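> I'd like to ask some things about the structure below.
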Amino acid sequence: MKISIHQPNFFPWVGYFEKINYSDIFLFLDDSFVHKKNLDLLNRSSFIFGRKKKFFSVPIKRNFLIKKISEVEIDNSTSWKIKFLNSLNENYKKNFFFDDVMFIIKDILSFETNLIADFNTNAVKRIIKILKLNVKIDFSSNFDLKSSSSQKILDLVKLNKCDKYISGFGGKNYLKQEDFLKNKIDIIFHKSEIKYPQKNNDFISGLSILDLLFSHGIEKAIKILKNQNTSHLNFNY
């Protein structure tokens, strides 16, 4: 059994969903404390704005550094949803699948909450369903663990009775691999090699899953996501 674990990010990049596709179980890491490093993608994602890779950030209340991920509050006093839609409209409206994808995004944005983790988990779960990814979804907070960092990941893998943990390459910096080996758990360090034709000539990596959906629609996105060797793909619409 393979498991992947990740904090609930804001409209995550394609590789996030690629890891989920490879997994039997996916856990939202929602009970770790926030620091500046992991806030970066909790409330922002990158898109092609003006032919360049740029971030859109959801405004967060300033007390986030004393919060768990599940407690971080959105600053809904701003009109960030309107700003987000306007940015997407300005930069993706010429894409063939724009209307279909915007319908989905507007529905996701209609979800009302003051918590960024709640908004993100709802969005990610919707996209998992859209992409037809067959995975069991759970939350780290449901296991009420006191451990942290590498030990917490190991505990979650063991509690879910998995023998393979799918990690990003960043896991090499903090995972105690010898502890996993002692428990007969393999770590699979996943590096996404997905490339797909974009409206720019040169492929820009690390963009939100929404860029893929705008570029190729749901059905082609499913095929791209489930095919590791995508550099040969050439879609014309």
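The values are calculated or read from the model by the stated rules, or taken from the named source; none is laboratory data. Computed from a predicted model, the values in this text were never measured in an experiment. Glycine also receives a Cβ, built like all others from the backbone with ideal geometry; neighbour counts cover every protein chain displayed. When the accessible area is computed, the model is the full protein with side chains, heavy atoms only, and any ligands, DNA or RNA have been set aside. Shrake-Rupley method; radii C 1.70, N 1.55, O 1.52, S 1.80 Å.
> Regarding residue 94, is this residue out of contact with any Gly (no Cβ under 8 Å at 6 or more places or on another chain) and either surrounded by fewer than 14 Cβ atoms within 10 Å (Cβ to Cβ) or farther than 27 Å from residue 200 by Cβ (or both)?
Considered against the rule, which asks whether it is out of contact with any Gly (no Cβ under 8 Å at 6 or more places or on another chain) and either surrounded by fewer than 14 Cβ atoms within 10 Å (Cβ to Cβ) or farther than 27 Å from residue 200 by Cβ (or both), residue 94 comes out as yes.
Every residue, every condition in (1) under 23 Å from residue 227 (Cα atoms); (2) hydroxyl-bearing (Ser, Thr, Tyr), yes or no:
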residue	(1), (2)
8	no, no
13	yes, no
17	yes, no
33	no, no
43	no, no
62	no, no
66	no, no
70	no, yes
73	no, no
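> Looking at (1) within 25 Å of residue 68 (Cβ to Cβ); (2) out of contact with any strand residue (DSSP E or B) (no Cβ under 9 Å at 6 or more places or on another chain), can you tell me which one residue 31 breaks?
Going through (1) within 25 Å of residue 68 (Cβ to Cβ); (2) out of contact with any strand residue (DSSP E or B) (no Cβ under 9 Å at 6 or more places or on another chain) one by one, residue 31 breaks only (2).
> Also, quick follow-up: From the list 64, 33, 49, 84, which one is open to solvent by 10 Å² or more (accessible area, probe 1.4 Å) and more than 26 Å from residue 149 (Cα to Cα)?
49
> Give the residue, chosen from 128, 82, 108, that is in contact (Cβ under 8 Å) with a residue 24 or more places away in the chain and either within 17 Å of residue 45 (Cβ to Cβ) or of a type in the set (Val, Ile, Thr) (or both).
Testing whether each residue is in contact (Cβ under 8 Å) with a residue 24 or more places away in the chain and either within 17 Å of residue 45 (Cβ to Cβ) or of a type in the set (Val, Ile, Thr) (or both) leaves just 128.
> So is residue 26 assigned to a strand (DSSP E or B) and over 25 Å from residue 136 (Cα atoms) or not?
Considered against the rule, which asks whether it is assigned to a strand (DSSP E or B) and over 25 Å from residue 136 (Cα atoms), residue 26 comes out as no.
> Next question, about the same structure. For the stretch 1-36, how many residues are among the basic types (Lys, Arg) and closer than 16 Å to residue 157 by Cβ?
Total satisfying the criteria: 2.
> Restrict the check to the stretch 144-159 and report whether at least one residue is over 30 Å from residue 104 (Cα atoms), small (Gly, Ala, Ser) and in contact with a helix residue (DSSP H, G or I) (Cβ under 8 Å, 6 or more places away or on another chain).
Within the stretch 144-159 (the criterion being over 30 Å from residue 104 (Cα atoms), small (Gly, Ala, Ser) and in contact with a helix residue (DSSP H, G or I) (Cβ under 8 Å, 6 or more places away or on another chain)), the answer is yes, since at least one residue qualifies.
> Starting from the stretch 61-76, take each residue that is more than 18 Å from residue 121 (Cα to Cα) and list its partners that are open to solvent by 50 Å² or more (accessible area, probe 1.4 Å) and part of a helix (DSSP H, G or I), counting only C-beta distances under 8 angstrom and pairs at least six apart or across chains.
Once the first residue is more than 18 Å from residue 121 (Cα to Cα) and sits in the stretch 61-76, its partners that are open to solvent by 50 Å² or more (accessible area, probe 1.4 Å) and part of a helix (DSSP H, G or I) give 65/36.
> Please report, ordered by residue number, the strands (runs of 3 or more DSSP E) entirely within the stretch 130-232 with at least 2 residues that are closer than 15 Å to residue 22 by Cα and open to solvent by 100 Å² or more (accessible area, probe 1.4 Å).
none
So that you can scan it fast, the table gives a plain yes or no per residue for (1) assigned to a helix (DSSP H, G or I); (2) among the acidic types (Asp, Glu):
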residue	(1), (2)
41	yes, no
82	yes, no
95	no, no
99	yes, yes
102	yes, no
119	yes, no
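> Separate question: If you scan the stretch 180-218, which residues turn out to be closer than 25 Å to residue 159 by Cα and either among the hydrophobic types (A, V, I, L, M, F, W, C) or in contact with a strand residue (DSSP E or B) (Cβ under 8 Å, 6 or more places away or on another chain) (or both)?
Hits for the stretch 180-218 are 180, 181, 185, 186, 187, 188, 189, 190.
> Can you tell me which residue within the stretch 36-46, out of those that are charged (D, E, K, R) and surrounded by fewer than 16 Cβ atoms within 10 Å (Cβ to Cβ), is modelled with the highest pLDDT?
40
> Can you confirm whether residue 43 is more than 24 Å from residue 6 (Cβ to Cβ), out of contact with any His (no Cβ under 8 Å at 6 or more places or on another chain) and not hydroxyl-bearing (Ser, Thr, Tyr)? I'd like the intermediate steps shown before the answer.
Working: more than 24 Å from residue 6 (Cβ to Cβ): no; out of contact with any His (no Cβ under 8 Å at 6 or more places or on another chain): yes; not hydroxyl-bearing (Ser, Thr, Tyr): yes.
Here the answer is no, as residue 43 does not meet what is asked.
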